[in-house]
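What follows draws every value from the coordinates through simple rules; no lab data is involved. Bear in mind that the values here come from a model prediction, so they are computed numbers and not experimental data. Cβ atoms come from the backbone with ideal geometry, glycine included; neighbour counts cover every protein chain shown.
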Amino acid sequence: MRWPHAAAPFATPPPARPLTDPQSIKGFLDPEEGTALARYAVATAHLGPFLEIGGYCGKSALYLGTAAKEAGTRLFSIDHHRGSEEHQKGEEYFDPDLYDEVACAVDTLPSFRRNVLAAGLEPWVIAMVGGSADIARYWSTPLGFVFIDGGHSMPAAQADYDGWAMKIAPGGILAIHDVFPNPEDGGRPPYEMWKQAVASDAFEPVERIRTLEVLRRL
Ligand code: SAH
Ligand code: MG
């Protein structure tokens, strides 16, 4: 029997796109990295939902949310939305537009929600507002895909790894952002996390796309 879609004009459907260009919103992700995230995520959807640590204004969530929509699953996006060390007032990546003058604190949640809504992805992207390690303690659903892009201090990176790596189903993917093997290019904790994953019996390295490392859970 021939399935109806076998007659479709494209053997491979063109990749789904969000209504907004993810590169038009604030954030820290190269388009090549974003496309790779989506590609790997879609392939793991049968194993469980997707989860990211570090939503910020929604750039990576637009790529992964589109993948979730395409695959019929959900992206859980974790962020306390108070910014990392480098986003605080007086630090290198402080952005006054993302500062709540009343609360006297960084607040990226309004931007995140606005961008996800405008991209038409609200049904597929579930924001979880809180600390990564805290949420991990109460989470037990096996995940198909985890993207770690949160705090870059060693304690923060270690807590993300300890909290989430083993919640990935066998065959699932762990993606780590801002991995700089050369110390002159950037901070070490995400690289240390990647090394730890490779040294464990739980992951094998798959591919590196710019500063994004992709590993498979064994
Ligand atoms: N993925 C985003 C960039 C994330 S920036 C993009 O594509 O643009 C890092 C984010 O991690 C910040 O928004 C910060 O608030 C968040 N973060 C840092 N440490 C965290 C922690 N322990 N728990 C939850 N979120 C954290
Ligand atoms: Mg990053």
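Give me Rg over Rh for the chain, both radii from the alpha carbons and Rh done the Kirkwood way, two decimal places.
Ratio value, two decimals: 0.98.
Contact order normalised by length for the chain, with contacts defined as Cα pairs under 8 Å and 6 or more residues apart; what percent is it?
Answer for the chain is 20 percent.
Once label points are set 7 Å from the Cα along Cα→Cβ at both residue 153 and residue 102, what is their separation, rounded to one decimal in nm?
Label at residue 153, label at residue 102, 2.9 nm between them.
Mind giving me the nanometre distance, one decimal, between the label points for residue 134 and residue 206, set 7 Å out from Cα along Cα→Cβ?
3.1
Taking H as built 1.01 Å from N, whose amide H comes closer than 5 Å to the amide H of residue 143, not counting residues under 5 places away?
Residues meeting the amide H criterion: 168, 169.
Quick one: if you stick a label point 7 Å off each Cα along the C-beta vector at residue 122 and residue 218, how many nm between them?
4.5
Which lysines have a Cα less than 20 Å from the Cα of residue 89, not counting those fewer than 8 places away in the same chain?
26
Calculate for the chain the 222 nm mean residue ellipticity that helices alone would give, adding -39,500 (n - 2.57) per DSSP H run of length 4 or more and normalising by residue count, nearest 500 deg cm²/dmol.
Value at 222 nm, helices only: -8500 deg cm²/dmol.
With a 10 Å cut-off between alpha carbons and a GNM built on the chain, which of 208, 114, 137 moves the most?
The residue that fluctuates most here is 137.
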